[in-house]
Amino acid sequence: MPARPLLLDRRAVLRAGLFGAAGLAGTSLLAACGGSPGPSGSGPALAARVEDTQAGTAGAVIRPISEQNNLVGTLDLTYVAGTGPGDVQNKLLSGALDVASMGPLGAVVAAEAGADVVLFSTSLNNHVRWLVPENSPYRTPADLRGKKVATPPNNSDAFRSTQLAAAVNGGDLNADYQLFPGAVLAGLALFDRGDVDAIVTIEPNATRLVGKGARQIATVGELWAQGTGEDPNALFLNGQGATRAWVDGNRETAAALATLRLKAHEIIQQRPQVLAELSDAYGIPAGEKAAIDLLPSRMKDVYPVAWGESVFANLRRQTEVAQQVGLIEAQPAQAPWVDLGAPA
């Protein structure tokens with residue numbers, strides 16, 4: 001492993017991998033609860049290619065919750081496998097997915113590169129965490145400056161939000177740390193082997209590490225609040241995104257997907273214990289009881305039930321601050337988010 005990886009400039013990191021290889025050879029399958037027309041008189045099924053359940057990501061529980069609670073309805077969902085943050089955005093932009101997770105900064109960067117992407121539904125609040133080993137002397141991200149830090153891929157919403165949180169506190173993520181960006185599992189391997197001093201990672205992986213004794217020293221939401229005075233619990237990570245052309249041409253399908261996601265999140269809010277019951281979907285072995293017990297309390301707030309102007313205010317704030325600190329060039333001419341429940 002090199003002593004220090006090459007640090008790209010801020011603009012290059014933002015764009016790196018945006019239109020990279022999409023891994024089209026990934027497995028896809030037709031959902032058992034979809035794939036057939038709706039009841040007589042209900043019209044044809046509403047088809048969409050969406051992300052499959054991915055162990056190691058917070059969205060992994062949405063498919064089992066939706067299937068167990070018969071939320072799919074007349075949606076005809078083809079689930080396309082992916083490898084987590086960064087990869088699903090590539091698949092959306094390449095056309096391998098109709099719908100995928102996309103954050104506000106990712107949508108703006110995509111627009112700067114010529115792709116008109118729009119967020120049409122709630123997905124996840126920010127769940128990016130900074131962790132160090134149990135015996136680490138470091139107490140804050142600032143203590144780690146100059147040290148080795150594993151991070152998610154640099155074209156992911158998780159990475160961009162970490163950049164933003166550093167920038168609002170006067171830092172530069174790329175310059176201040178020796179970064180090792182890559183697939184989430186690769187970062188976990190580096191951390192487990194002791195090859196890095198800290199890890200920036202997403203849920204449920206952060207909870208698994210805490211369950212094994214690692215110390216969480218900060219969240220991106222907390223760092224955002226520290227630098228802006230905003231509510232740390234309201235920092236939005238990503239929504240369900242698609243090209244604007246797909247949403248315009250498939251508005252009924254997009255609305256049904258938005259409803260499915262909202263109902264799944266409502267189930268989580270009403271009974272957070274379902275997250276522990278679905279720990280296998282997260283990829284957490286039954287033997288990791290400490291982590292499983294932590295899931296309801298640590299992850300309930302990851303699944304918001306709001307969409308509309310209250311969320312859009314946070315999205316605008318993120319893009320405004322991102323422009324102020326130089327992470328994006330300008331505000332988009334047309335907002336990259338839409339409320340399908342509002343008048344068109």
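The values are calculated or read from the model by the stated rules, or taken from the named source; none is laboratory data. Quick caveat, the model's predicted, so the values are computed rather than measured. No Cβ is skipped: glycine too gets one built from the backbone with ideal geometry, and neighbour counts run over all protein chains shown. The area values use the complete protein model at the heavy-atom level, side chains included, leaving out ligands, DNA and RNA. Shrake-Rupley method; radii C 1.70, N 1.55, O 1.52, S 1.80 Å.
For the range 180-197, the candidate set comprises residues that are within 12 Å of residue 158 (Cβ to Cβ) and assigned to a helix (DSSP H, G or I); within that set, the residue that is modelled with the highest pLDDT is 187.
When residue 200 is tested against (1) free of Cβ contacts under 8 Å to residues at least 24 places away in the same chain; (2) in a strand (DSSP E or B), only condition (1) is not met. Checking each residue in the range 120-140 for being over 23 Å from residue 56 (Cα atoms) and either out of contact with any helix residue (DSSP H, G or I) (no Cβ under 6 Å at 6 or more places or on another chain) or not in a strand (DSSP E or B) (or both) picks out 135, 136, 137, 138, 139, 140. Residues that are buried (at least 19 other Cβ atoms within 10 Å of the Cβ) and among the acidic types (Asp, Glu) were ranked within the range 163-213; the one that is farthest from residue 135 (Cα to Cα) is 203. If you go through the range 278-303 and keep only what is closer than 18 Å to residue 84 by Cβ and either part of a loop (DSSP other than H, G, I, E, B) or in contact with a Phe, Trp or Tyr (Cβ under 7 Å, 6 or more places away or on another chain) (or both), you end up with 278, 283, 284, 303. Residues of the range 153-166 that are more than 11 Å from residue 103 (Cβ to Cβ) and at pLDDT 95 or above: 162, 163, 165, 166.
Would a scan of the range 266-281 turn up a residue that is surrounded by fewer than 21 Cβ atoms within 10 Å (Cβ to Cβ), under 18 Å from the mean Cα position of the chain (by Cα) and modelled with pLDDT of 95 or more? Yes - at least one qualifying residue is present in the range 266-281. Pairs linking a residue in the range 260-274 that is free of Cβ contacts under 8 Å to residues at least 60 places away in the same chain to a residue that is aromatic (Phe, Trp, Tyr), with Cβ atoms under 8 Å and 6 or more positions apart or on different chains, are 269/303. Only helices (runs of 4 or more DSSP H) whose full extent lies in the range 1-117 are considered here, and the ones with at least 3 residues that are under 30 Å from residue 177 (Cα atoms), at pLDDT 90 or above and open to solvent by less than 20 Å² (accessible area, probe 1.4 Å) are 104-112.
Total residues in the range 296-337 satisfying the condition of being among the β-branched types (Val, Ile, Thr) and either farther than 30 Å from residue 278 by Cβ or free of Cβ contacts under 8 Å to residues at least 60 places away in the same chain (or both): the figure is 4.
For the range 232-254, which positions are surrounded by fewer than 17 Cβ atoms within 10 Å (Cβ to Cβ) and of a type in the set (A, V, I, L, M, F, W, C)? Matches in the range 232-254: 245 only. Taking the criterion of being in contact with a Pro (Cβ under 6 Å, 6 or more places away or on another chain) and more than 12 Å from residue 132 (Cα to Cα), the residues of the range 214-233 that qualify are 221, 222, 225. Of all residues assigned to the range 132-155, none qualifies as being of a type in the set (Lys, Arg) and within 16 Å of the chain's Cα centre (by Cα). Can you pull out every residue in the range 214-224 that is open to solvent by less than 20 Å² (accessible area, probe 1.4 Å) and either under 18 Å from residue 319 (Cβ atoms) or charged (D, E, K, R) (or both)? Residues satisfying the conditions are 220, 221, 224.
Counting only residues that are within 25 Å of residue 173 (Cβ to Cβ) and either open to solvent by less than 20 Å² (accessible area, probe 1.4 Å) or in contact with a helix residue (DSSP H, G or I) (Cβ under 8 Å, 6 or more places away or on another chain) (or both), how many does the range 317-342 have? It would help to see each step written out before you state the result.
Start the filter on the range 317-342 by keeping residues that are within 25 Å of residue 173 (Cβ to Cβ), which leaves 317-332, 336-337.
Now drop any that are not either open to solvent by less than 20 Å² (accessible area, probe 1.4 Å) or in contact with a helix residue (DSSP H, G or I) (Cβ under 8 Å, 6 or more places away or on another chain) (or both), which leaves 317-319, 321-322, 325-332, 336-337.
Result for the range 317-342: 15.
Scanning the range 273-298 for residues that are within 20 Å of residue 122 (Cα to Cα) and out of contact with any Leu (no Cβ under 8 Å at 6 or more places or on another chain) yields 274, 298. The residue of the range 148-162 that is most open to solvent (accessible area, probe 1.4 Å), among those that are closer than 27 Å to residue 92 by Cβ and in contact with a Lys or Arg (Cβ under 9 Å, 6 or more places away or on another chain), is 154.
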